[in-house]
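The values are calculated or read from the model by the stated rules, or taken from the named source; none is laboratory data. Note that the structure is a prediction, hence the values are computed from the model and not measured. All Cβ positions, glycine included, derive from the backbone under ideal geometry; neighbour counts span all protein chains shown.
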Amino acid sequence: MKASDLFVQCLESEGVTHIFGIPGEENLDFLESLSRSSIELVLTRHEQAAGFMAATVGRLTGKVGVALSTLGPGATNLMTAAAYAQLGGMPMLMITGQKPIKTSKQAMFQIIDVVDMMRPVTKWTRQIISGETLPARVREAFRLAAEERPGATHLELPEDIAAEEVGGAPIPPSSVRRPVVEDKSVDAALELLRAARAPLIVIGAGANRKLTATQLLEFVEKQGIPFITTQMGKGVIDERHPRFLGNAALSSGDFVHAALSHADLILNVGHDIVEKPPFFMERHHRRTVIHIDFSSAEVDALYFPQVEMVGDVAHSIWRLNGALERSSEWNFDPMFRARGAMLEEQYAAIESDAFPVIPQRLVADVRRAMPDDGIIALDNGIYKLWFARNYAAHGPNTVLLDNALATMGAGLPSAMAAKMVHPKRRVMAICGDGGFMMNSQELETATRLGLDLVVLILNDGALGMIKWKQEDMGFRDYGLDYGNPSFPKYAESYGAQGHRLSATDQLVPLLERCFEEGGVHLVDVPVDYSRNDELLHREIPRLSGAFVA
């Protein structure tokens, strides 16, 4: 059989059901082998979107998503998605083609060193130089992509290697149990918890990856310790829980930081310093931090935990919960006063009928339209802060946002992949007009696939996040405004349904109708960000400052 046939057999052995990408002439042997397999090729309109979709499959399933491109420009187009998966802890394998490596009549046409290019943004990258090595290379790529900390891997399949006649068979995936925390670390953490007066749990992205929700919820219920979440830790525990204190959407100056200022011990669960820090450590501060994660802490000037519990996170929490009893000495009253003030602040604006829509009302209306298991996939922009802060996630991985690479253009492809993974759940892409236009061509892919999907475009005709930063720095308004197409007509040109909001109270009924009708719907929502700087940089810090320890 051809090496490309063996490659595809290896992918089937790994449980791959979809490959996202754009083939080129260097992939034709692989494409022919794929056509006879159980794996479905999802042809996208840009390799970057294919990578975002593959990474999101990895994020939601824990299994390795697969993206495909040709050599040269196809491979360079995957680079942003590679960094997205690598920084976000999403298991993904990229397969790229290459010219023949034994003999070639095209000199250096389109050839760049893709393997070396991929090295800084992947866990592992290799060129296949013999078809006989494919089973070992594929197995290693999948193993490394999926094991903690997950990320991107890459294999380059040259055209002549793909056509080789080979023997062999796939190497079956092995069953691996993650290591568990050692007893001494558990004892050290228990000693700190028993001596603490106001412990607090911070839930990060790593807790969402491996679905530690059950053990964390049991821990919170038994011990009564309150918790906050990072942006990528949203939903591990239902954020309607009475012990939830808020989300660290901002780096400082919010009610959640006021509550955190009263903590003398922090259990940092699944934290990764690739996310913006939910709190800052200082050497002279009385606060102690216990790092609970699959791997040891990456220390920097703002994060140097005194105790580390390294091993399977759910098991570590289970060990603590089994040996600990709720302390009568713990006092969380100041934290909950900050929480009460936060809820008052959030509720104050959600009934505003002002149009264009203000962010707080927008977030509240999206929450009203989404069921408990509904998934929102956010692109990157200023609205991401409002959704992270104000949108209560009801379950794990129901809020897909990127606070690692924080790239624009990922919202629509991520939502498409989420809908493919969870076809019976409501899925909504929420994009700024800037981020949406970076991969808007994937509307055609979504309609071709027959997805039921709502795409919300938050339209301010500018790069709103950068405008907010520009205003905060005292600079004049310059260089960040642009024009947009008619989004409803644009959607219709791809075979989707297009809508434009003309009054704030239309949004919830319109979203309900879109979901009930099925198909791809784009909703153009004019938004008003004019108070962002005042609210996020002055008013909220002022209000929350009254509750700081």
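So how many residues does region 64-88 have that are surrounded by fewer than 24 Cβ atoms within 10 Å (Cβ to Cβ) and out of contact with any Gly (no Cβ under 6 Å at 6 or more places or on another chain)?
Of the residues in that region, 8 qualify.
Return the only residue of ALA54, ALA136, ALA82 being farther than 17 Å from VAL421 by Cβ, outside the structural domain of THR407 (by TED's automatic domain parsing), assigned to a helix (DSSP H, G or I) and touching a His at 6+ places or on another chain (Cβ under 9 Å).
Result: ALA82 is the single residue among ALA54, ALA136, ALA82 that is farther than 17 Å from VAL421 by Cβ, outside the structural domain of THR407 (by TED's automatic domain parsing), assigned to a helix (DSSP H, G or I) and touching a His at 6+ places or on another chain (Cβ under 9 Å).
With more than 14 Å from PRO199 (Cα to Cα) and in contact with a Leu (Cβ under 9 Å, 6 or more places away or on another chain) as the only criterion, which of VAL269, VAL274, VAL289 stands out? First the steps, then the outcome.
Details: VAL269 fails: more than 14 Å from PRO199 (Cα to Cα); VAL289 fails: more than 14 Å from PRO199 (Cα to Cα).
Selected residue: VAL274, the only one of VAL269, VAL274, VAL289 that is more than 14 Å from PRO199 (Cα to Cα) and in contact with a Leu (Cβ under 9 Å, 6 or more places away or on another chain).
With the condition kept exactly as written, say whether any residue in region 21-33 is of a type in the set (A, V, I, L, M, F, W, C), within 27 Å of the chain's Cα centre (by Cα) and under 30 Å from GLU148 (Cβ atoms).
no
If I ask for residues that are in contact (Cβ under 8 Å) with a residue 60 or more places away in the chain and surrounded by fewer than 19 Cβ atoms within 10 Å (Cβ to Cβ), which ones from region 516-535 would you list?
GLY518, GLY519, PRO526, ASP528, ARG531, ASP533
Looking only at region 353-367, which residues are of a type outside the set (Val, Ile, Thr) and either surrounded by 21 or more Cβ atoms within 10 Å (Cβ to Cβ) or not in a loop (DSSP other than H, G, I, E, B) (or both)?
Answer for region 353-367, where residues must be of a type outside the set (Val, Ile, Thr) and either surrounded by 21 or more Cβ atoms within 10 Å (Cβ to Cβ) or not in a loop (DSSP other than H, G, I, E, B) (or both): PRO359, GLN360, ARG361, LEU362, ALA364, ASP365, ARG367.
Across region 2-21, which residue is surrounded by the fewest Cβ atoms within 10 Å (Cβ to Cβ) among those that are within 12 Å of ARG139 (Cα to Cα) and of a type in the set (Asp, Glu)?
Top of the filtered list is GLU12.
Determine if region 211-225 includes at least one residue that is modelled with pLDDT under 95 and of a type in the set (Asp, Glu).
No, every residue in region 211-225 fails to be modelled with pLDDT under 95 and of a type in the set (Asp, Glu).
So which of GLY74, GLY97, GLY89, GLY58 ends up being out of contact with any Asp or Glu (no Cβ under 8 Å at 6 or more places or on another chain) and not basic (Lys, Arg)?
Only one candidate passes the filter, namely GLY58.
Check ARG139, ARG119, ARG45 and return the single one that is among the basic types (Lys, Arg) and closer than 22 Å to LEU449 by Cα.
Working: ARG139 fails: closer than 22 Å to LEU449 by Cα; ARG119 fails: closer than 22 Å to LEU449 by Cα.
So the residue among ARG139, ARG119, ARG45 that is among the basic types (Lys, Arg) and closer than 22 Å to LEU449 by Cα is ARG45.
So, in region 157-187, of the ones that are closer than 30 Å to ARG319 by Cβ and surrounded by 15 or more Cβ atoms within 10 Å (Cβ to Cβ), which residue ends up modelled with the lowest pLDDT?
Filtering region 157-187 for residues that are closer than 30 Å to ARG319 by Cβ and surrounded by 15 or more Cβ atoms within 10 Å (Cβ to Cβ), the one modelled with the lowest pLDDT comes out as VAL180.
When THR407 is evaluated against the numbered criteria (1) farther than 27 Å from GLU345 by Cβ; (2) not in a loop (DSSP other than H, G, I, E, B), which criterion, by number, is the only one it fails?
(2)
Inside region 1-14, can you point out the residues that are in contact with a helix residue (DSSP H, G or I) (Cβ under 9 Å, 6 or more places away or on another chain) and either under 21 Å from ALA145 (Cα atoms) or part of a helix (DSSP H, G or I) (or both)?
The answer is ALA3, SER4, ASP5, LEU6, PHE7, VAL8, GLN9, CYS10, LEU11, SER13, GLU14.
Here is a list: GLN231, GLN215, GLN223. Which entry is closer than 30 Å to ALA145 by Cβ, in contact with a Leu (Cβ under 7 Å, 6 or more places away or on another chain), of a type outside the set (A, V, I, L, M, F, W, C) and not assigned by TED's automatic domain parsing to the domain that holds ARG389?
GLN231
Restricting to region 467-515, name every residue that is within 21 Å of PRO371 (Cβ to Cβ) and without any contact (Cβ under 8 Å) to a residue 12 or more places away in the chain.
Residues satisfying the conditions are GLN506, PRO509, ARG513.
Inside region 31-44, can you point out the residues that are part of a helix (DSSP H, G or I) and within 23 Å of MET416 (Cβ to Cβ)?
Going through region 31-44, the residues part of a helix (DSSP H, G or I) turn out to be 31-35.
Passing the criteria: LEU31, LEU34, SER35.
Given the criterion outside any helix (DSSP H, G or I), under 24 Å from GLU47 (Cβ atoms), among the hydroxyl-bearing types (Ser, Thr, Tyr) and in contact with a Phe, Trp or Tyr (Cβ under 8 Å, 6 or more places away or on another chain), identify the matching residue among THR96, THR125, THR153.
Being outside any helix (DSSP H, G or I), under 24 Å from GLU47 (Cβ atoms), among the hydroxyl-bearing types (Ser, Thr, Tyr) and in contact with a Phe, Trp or Tyr (Cβ under 8 Å, 6 or more places away or on another chain) holds for just one of THR96, THR125, THR153, which is THR153.
Output the residues belonging to region 336-352 that are buried (at least 17 other Cβ atoms within 10 Å of the Cβ) and either free of Cβ contacts under 8 Å to residues at least 24 places away in the same chain or over 15 Å from ALA546 (Cα atoms) (or both).
GLN346, ALA349
I'm told TYR383 meets every condition in (1) touching a residue at least 60 places away in the same chain (Cβ under 8 Å); (2) surrounded by fewer than 21 Cβ atoms within 10 Å (Cβ to Cβ); (3) of a type in the set (Phe, Trp, Tyr) except one. Can you identify the failing condition by its number?
(2)
Please go through region 226-249 and give me each residue that is over 17 Å from the mean Cα position of the chain (by Cα) and of a type in the set (A, V, I, L, M, F, W, C), ordered by number.
PHE227, ILE228, PHE244, LEU245
If you check ARG425 against the conditions, is it surrounded by fewer than 22 Cβ atoms within 10 Å (Cβ to Cβ), charged (D, E, K, R) and over 25 Å from ARG513 (Cβ atoms)?
The answer is no for ARG425.
For VAL310, indicate whether it is surrounded by fewer than 19 Cβ atoms within 10 Å (Cβ to Cβ), in contact with a strand residue (DSSP E or B) (Cβ under 8 Å, 6 or more places away or on another chain), among the β-branched types (Val, Ile, Thr) and within 30 Å of GLU147 (Cβ to Cβ).
For VAL310, the condition - surrounded by fewer than 19 Cβ atoms within 10 Å (Cβ to Cβ), in contact with a strand residue (DSSP E or B) (Cβ under 8 Å, 6 or more places away or on another chain), among the β-branched types (Val, Ile, Thr) and within 30 Å of GLU147 (Cβ to Cβ) - is met.
Got a sec? Which of ARG389, ARG425 is part of a helix (DSSP H, G or I), over 15 Å from ASN459 (Cβ atoms), among the basic types (Lys, Arg) and in the same structural domain as LEU362 (by TED's automatic domain parsing)?
Just one listed residue meets the conditions, ARG389.
Considering region 73-90 alone, what residues qualify as being small (Gly, Ala, Ser) and within 16 Å of PHE30 (Cβ to Cβ)?
GLY74, ALA75
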